[in-house]
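The next block holds one structure in the form of structure tokens; read it before the comments.
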Amino acid sequence: MISLHVAGTGEELAFAPQRLVVAGYTGRDEAAVEEHIAELAAIGVPRPPSVPAFYHLDPALLTTAPVVGVPGAGTSGEVEPVLIRCAERYFLGVGSDHTDRELERDSVEQSKAVCPKPLGEVVVEAGPSIPDWDHVVADSSVDGFPYQKGKLAALRHPVDLLERLGPVDGDFALYCGTLPLLGGEFVPGAYWRIHLELPGGPTLTHVYETKQRSE
């Protein structure tokens, strides 16, 4: 069970998702997505089974904790808009698809499955249509250095993703993809800060620290 707070209302949600889906390769520019897939293939990351790709993970990976355990030094996060359905209502939150970049060369799905999925505690109520989607600004930093920044107009809309995903019963969290890295390369780090800035407010923020766990 995860406790979430609805921005500006004082309402608290008891979120017990039955499904966690991480969408990948969700860029609207299909040519750019193909180029990115080719770049990843060049360093050994296998091509996804579909574009966009959907990775079905254990909902227990979701966490709002300020400190999370990771399997090794070669992991990194990335800011993602997260569509949440809770008690038949939809909300938008901010999360990080933290991933083991070393394992990613062997199995993308497994590289995601071995890392927690940080999620901000504050969400905003928004139907899946999210009319301001294209104007939402997402950004992230690692150890104080800018890592990503851009508008969600670069990503497929959640309605598009839901149509491609197909029927999903019950409560769920859908990580909707991420933006290019400012430096072009994954950067491991300890302190991650992720934001979604909605037109007219609010700004959804989550900060977390990674600690290498002992297996």
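The values are calculated or read from the model by the stated rules, or taken from the named source; none is laboratory data. Remember, it's a predicted structure, so these values are computed and weren't measured experimentally. Note that each Cβ is placed from the backbone with ideal geometry, even for glycine, and that neighbours are counted across all protein chains shown.
Quick notes on this structure:
- Residue within the stretch 173-188 that is at pLDDT 95 or above and charged (D, E, K, R) present: no
- Test: ASP171 is surrounded by fewer than 15 Cβ atoms within 10 Å (Cβ to Cβ) and more than 19 Å from GLY201 (Cβ to Cβ): no
- Qualifying position, being closer than 17 Å to LEU196 by Cα and crowded, with 18+ Cβ neighbours inside 10 Å, among LYS112, LYS117: LYS117
- Of all residues in the stretch 27-84, those satisfying the criterion of being in contact with a Ser or Thr (Cβ under 7 Å, 6 or more places away or on another chain) and charged (D, E, K, R) are GLU78, GLU80.
- Filter pass, GLU88 being surrounded by fewer than 23 Cβ atoms within 10 Å (Cβ to Cβ) and at positive phi: yes
- Test result for SER107, hydroxyl-bearing (Ser, Thr, Tyr), in contact with a helix residue (DSSP H, G or I) (Cβ under 9 Å, 6 or more places away or on another chain) and crowded, with 19+ Cβ neighbours inside 10 Å: no
- Strands (runs of 3 or more DSSP E) (entirely within the stretch 138-215) containing at least 3 residues that are free of Cβ contacts under 8 Å to residues at least 40 places away in the same chain: 145-151
- Exactly one residue out of GLY44, GLY95 is part of a strand (DSSP E or B) and either in contact (Cβ under 8 Å) with a residue 12 or more places away in the chain or closer than 21 Å to GLY144 by Cα (or both), and it is GLY95.
- In the stretch 41-52, the count of residues that are buried (at least 22 other Cβ atoms within 10 Å of the Cβ) and more than 13 Å from VAL22 (Cα to Cα) is zero.
- Restricting VAL122, VAL94 to residues that are touching a Leu at 6+ places or on another chain (Cβ under 6 Å), under 23 Å from GLY200 (Cα atoms) and buried (at least 21 other Cβ atoms within 10 Å of the Cβ) narrows the list to VAL94.
- Scanning the stretch 76-83 turns up no residue that is under 30 Å from PRO167 (Cβ atoms), surrounded by 15 or more Cβ atoms within 10 Å (Cβ to Cβ) and of a type in the set (Ser, Thr, Tyr).
- Filter pass, VAL21 being in contact with a strand residue (DSSP E or B) (Cβ under 7 Å, 6 or more places away or on another chain) and either assigned to a strand (DSSP E or B) or at pLDDT below 95 (or both): yes
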